[in-house]
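Here's the structure, in structure tokens; my notes come after.
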Amino acid sequence: MAKRSAPEVNAGSMADIAFLLLIFFLVTTTIETDRGISRKLPPIPVEDIVPPVIKQKNIFTVIVNRNNDLLVEDQLMDLKDLRQAAVEFLDNGGGAGEEACDYCQGLRDPSSSDNPNKAIISLVNDRQTKYGTYISVQNELVGAYNVLRNREAQRLYGMDYSEMEKNFNDPNYNGNKEVLGKRVDEIQNMYPQKLSEAEPKS
Amino acid sequence: MAKFTKKMGGELPAVNTASLPDIVFMLLFFFMVATVMRQNTLMIQNKLPFADQVEKLDKKDLVMYIYAGKPSPRYQQKYGTEARIQLNDKFAEVSDVQQFIYAERESKREELIPYLTTALKVDVETNMGLVSDIKQELRKAEALKINYTTRIGEVSKNLE
């Protein structure tokens with residue numbers, strides 16, 4: 001019997017097979033991360049806690065009805081004006097003495113909020129309100145806080161608050177994280193996000 | 001001399017393609033590693049709203065997804081057109097949300113549980129009643145960190 005050497009496998013079609021797989025993965029890949037508005041829900045209150053009394057002038061009421069209309073402080077308002085109105089309310093700083101706000105640049109109207117620490121935005125929805133409207137309103141209110149926080153961060157540290165926060169959450173950031181964390185906290189305490197949501201009316 | 005003249009008349013040599021499979025394989029492996037297969041098959045319409053004050057939601061393993069919206073056209077015969085919740089691969093009731101959160105928590109490592117976030121992927125057209133019910137259930141389950149997943153854009157596009 002003649003001694004036969006094993007025939008060589010033809011690898012010419014290997015490229016074709018690899019291409020096929022490549023195209024499959026190319027099509028199915030989605031390199032994306034989800035983005036969205038982060039919020040924290042309030043815990044369910046304990047029964048026998050008496051809610052603290054809040055002055056009416058420190059509450060900024062936003063009501064959205066079933067036709068997706070906005071009623072802000074008893075006045076009809078367009079969505080595009082909401083951010084400015086919220087900024088004016090939060091930045092008012094009408095308080096005196098202990099409640100005075102030395103960094104506020106608002107009108108210091110005594111009938112509006114005393115201090116950003118006291119100012120609360122209250123949002124009331126209807127059960128028939130569209131989710132899109134709700135997100136728009138949320139976005140504008142969060143935007144108002146971000147406008148003020150950016151302004152203060154820019155004034156104190158020459159940097160946007162959103163950028164500071166992004167660096168703080170970035171594990172690869174190679175600056176001083178401790179200092180940055182303190183600064184982020186400080187800005188957050190200047191304009192704390194106090195956004196209260198009532199349970200929707202039907 | 002004959003040695004040289006023979007080459008002069010010859011054609012251009014073919015490009016060697018022996019390394020082509022290697023290059024393709026390299027690309028293949030890259031995409032295989034980078035691919036994230038969609039975990040859930042959507043049974044609902046899911047047109048997310050627009051927003052611009054957004055934060056990134058990385059660390060996909062720390063996110064629990066809750067979908068809500070109208071059933072897709074091919075499920076409408078069976079389930080109607082009223083907006084519904086989808087958990088994993090099936091429709092669910094509001095009362096199932098708590099159980100879902102507990103089950104998800106169970107499947108994660110204990111030290112990661114405080115970092116879990118719930119992503120709400122809700123269709124623009126959904127009524128707030130359903131969303132509030134979900135939020136109420138999340139509060140009961142003490143899953144307080146939530147994220148309304150959105151697309152990036154001007155909010156005015158939500159009203160169209």
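Read the figures in this text as sums done on the coordinates, not as results from a lab. The structure presented is a predicted model; accordingly, all values stated were derived computationally and were not measured. Here the Cβ positions follow ideal geometry from the backbone for every residue, glycine too, while neighbour counts run over all protein chains shown.
Select from the stretch B:44-66 the residues that are aliphatic (A, V, I, L, M) and either surrounded by fewer than 16 Cβ atoms within 10 Å (Cβ to Cβ) or not in a loop (DSSP other than H, G, I, E, B) (or both) and list them in ascending order. Within the stretch B:44-66, B:I44, B:A51, B:L57, B:L62, B:V63, B:M64, B:I66 meet the criteria. Among the residues of the stretch A:101-114, are any out of contact with any helix residue (DSSP H, G or I) (no Cβ under 8 Å at 6 or more places or on another chain) and at positive phi? So far as the stretch A:101-114 goes, yes, one or more of its residues are out of contact with any helix residue (DSSP H, G or I) (no Cβ under 8 Å at 6 or more places or on another chain) and at positive phi.
A:N67 meets all of the listed conditions (1) more than 8 Å from chain B (Cβ to nearest Cβ); (2) over 22 Å from A:P192 (Cβ atoms); (3) within 22 Å of the chain's Cα centre (by Cα) but one, namely (3). Considering the stretch B:70-160, the qualifying helices (runs of 4 or more DSSP H), each wholly inside and each with 3 or more residues that are surrounded by 15 or more Cβ atoms within 10 Å (Cβ to Cβ), run over B:96-106, B:128-140.
For the stretch A:73-92, the set of residues classified as in contact (Cβ under 8 Å) with a residue 12 or more places away in the chain, over 16 Å from A:R108 (Cα atoms) and acidic (D, E) consists of A:E73, A:D74, listed by residue number. In the stretch A:28-45, the count of residues that are surrounded by 17 or more Cβ atoms within 10 Å (Cβ to Cβ), part of a loop (DSSP other than H, G, I, E, B) and facing another protein chain (nearest Cβ under 8 Å) is zero. Residues in the stretch B:92-128 that are away from chain A (no Cβ under 13 Å), without any contact (Cβ under 8 Å) to a residue 40 or more places away in the chain and hydrophobic (A, V, I, L, M, F, W, C): 4 in all. Starting from the stretch B:139-160, take each residue that is more than 7 Å from every other protein chain (Cβ to nearest Cβ) and list its partners that are surrounded by 13 or more Cβ atoms within 10 Å (Cβ to Cβ), counting only C-beta distances under 6 angstrom and pairs at least six apart or across chains. Filtered contacts from the stretch B:139-160: B:A141/B:Q98; B:A141/B:I101; B:A143/B:I101; B:A143/B:T118; B:R151/B:L48; B:R151/B:F50; B:G153/B:F50; B:K157/B:F50.
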